[in-house]
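Reading through the structure tokens given below for one structure.
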Amino acid sequence: MKVFTVFFAVVILSGCVGNTLPAQNPVSAQESQWRTESYRTPGNDTGVLIISRDTGYRGAACIPLITLDKEHVAPLNVGEKLELHVTGGRHLLRAFPNRNCAASPIETVVDIKKNQVMNYRLGFQGAAMVFIPVGY
């Protein structure tokens, strides 16, 4: 029985590590999950920052909260995306894991220009959350 318990625990925990895969057709995060009205609509000086969450079992219990310039935007579940309309310039993009996740918070600086579209994937490499620029 002990061997079965250990084997089962290893199988379950292995779903929390490893690399994830890009979402083929990510769906927009539910509007009810958004914690701000900022970044929802385009403006004269805005670009679009798209953050899509990878798919797969790795890190599936981890639902990180996305922030931009220290403002809480929304949690991002597996296979979802956020489309943020942000003013041109440098912005601090962060992801904070929830309590079900052993990963550490991550951050990156994005430099977006007016009318530019930037894409980032949020995924896992091993047990670490990572932002991966797409199309560069």
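What the table shows:
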item	result
Residue selected from segment 91-136 under the condition in a loop (DSSP other than H, G, I, E, B) and closer than 12 Å to THR20 by Cβ, by the criterion modelled with the highest pLDDT	ALA103
Selected residue [of a type outside the set (Ser, Thr, Tyr), closer than 12 Å to ILE51 by Cα, in contact with a His (Cβ under 8 Å, 6 or more places away or on another chain) and touching a residue at least 12 places away in the same chain (Cβ under 8 Å)] from VAL110, VAL130	VAL110
Near pairs, Cβ below 7 angstrom, 6+ apart or cross-chain, from segment 93-104 (more than 14 Å from LEU122 (Cβ to Cβ)) to any residue that is at pLDDT below 95 and loosely packed, with under 14 Cβ neighbours inside 10 Å	none
Hey, TYR57 of a type in the set (Ser, Thr, Tyr), part of a loop (DSSP other than H, G, I, E, B) and surrounded by 19 or more Cβ atoms within 10 Å (Cβ to Cβ) or not	no
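The values are calculated or read from the model by the stated rules, or taken from the named source; none is laboratory data. Nothing here was measured: the structure is a model prediction, and the numbers come from that model. Positions of Cβ are backbone-derived with ideal geometry, glycine not excepted, and every protein chain shown enters the neighbour counts.
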